[in-house]
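Read the structure below first, then the notes.
Where a number appears in this text, it was derived from the coordinates with a stated rule and is not lab data. Since we're looking at a predicted model, the values are computed, not measured. Cβ: placed from backbone, ideal geometry, glycine included. Neighbour counts: every protein chain shown.
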C-alpha cells in the first residue's frame, strides 16, 4: 500500500511539470532545418546525416490509477494510516524478538545443562573405572591369599595329623592307666575296710577320708582324660580322610 501511494503521488507531481524534453527537441529540429536551408541557398552540400531521426512528440500519458487505499484521502490521513501500520509491525517485531530471545535463553540453558550432565557422566565413568580396578585388585589379592593358604597348608597337614594321632593314642593310654589306678584304689579301700573292722572308728574315718580324697582326685583326672579323648575324637572326625 505504501509503494502504491508513493507511485501515485509522484505521478501526480510529474503531470504538473512541462515536457522540457519535447520542447528542446522541437527547438533543435527547427534550428537544424534553418541551417540546412541557409546552406542550400548557396548550393553547398556540407550537410551531414547520421541516420538519426528526430523523435516525434506525443501528448501526455494517462496517469496511473490511484490505489483504493489512498483514494479520497488526504495526505495526513495516509501518513497516519502508515504510522499505525508501522507501529503495529514494530510491536509484532518486538514480540517476535522477545520470543526469539526467550528461545535463545532456553537454548543456552539447555546447552549448559547438557554440559553439566556430560561432566557428571565423565565423573561417573571415571569412578566406575576406579571401582573396577579396585575390584580386580581385590580379586587378585583374594586369589593370591587362597593360593598362599593352599601352599602353606599342603605340607604341614601330614605332620599335624601324625601329631594328633600320637596325642590321641597317648590320651587313650593315660585314660586306661587312670582307670586301672581307680580300680586298684577301690580294691585297696575294700581290703583296708575288711582288715580294719576292729580298729577304732576314728582311724577308719581318717583312712576313709584320705581314700575318698584320692578317689576324687582320680575321678577328676579320669574326667579330664575323657574330655580330652572326646576332643581328640572330634578333631579326628573333622580331618579329611586323605590326611588320616
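Label positions at residue 231 and residue 101, each projected 7 Å from the Cα along the C-beta direction, are separated by 9.1 nm. For the pair residue 127 and residue 151, a Förster radius of 51 Å applied to the C-beta separation gives a FRET efficiency near 0.90, rounded to the nearest 0.05. The calculated FRET efficiency for the pair residue 167 and residue 214, based on their C-beta separation and a Förster distance of 35 Å, comes to about 0.85. One chain, two ends: residue 186 and residue 140. Fully extended at 0.36 nm per residue, the span grows by 10.0 nm beyond their Cα-Cα distance.
Stokes-Einstein diffusion for region 73-124 at 20 °C, viscosity 1.002 mPa s, with a Kirkwood radius from C-alpha pairs, works out to 149 µm²/s.
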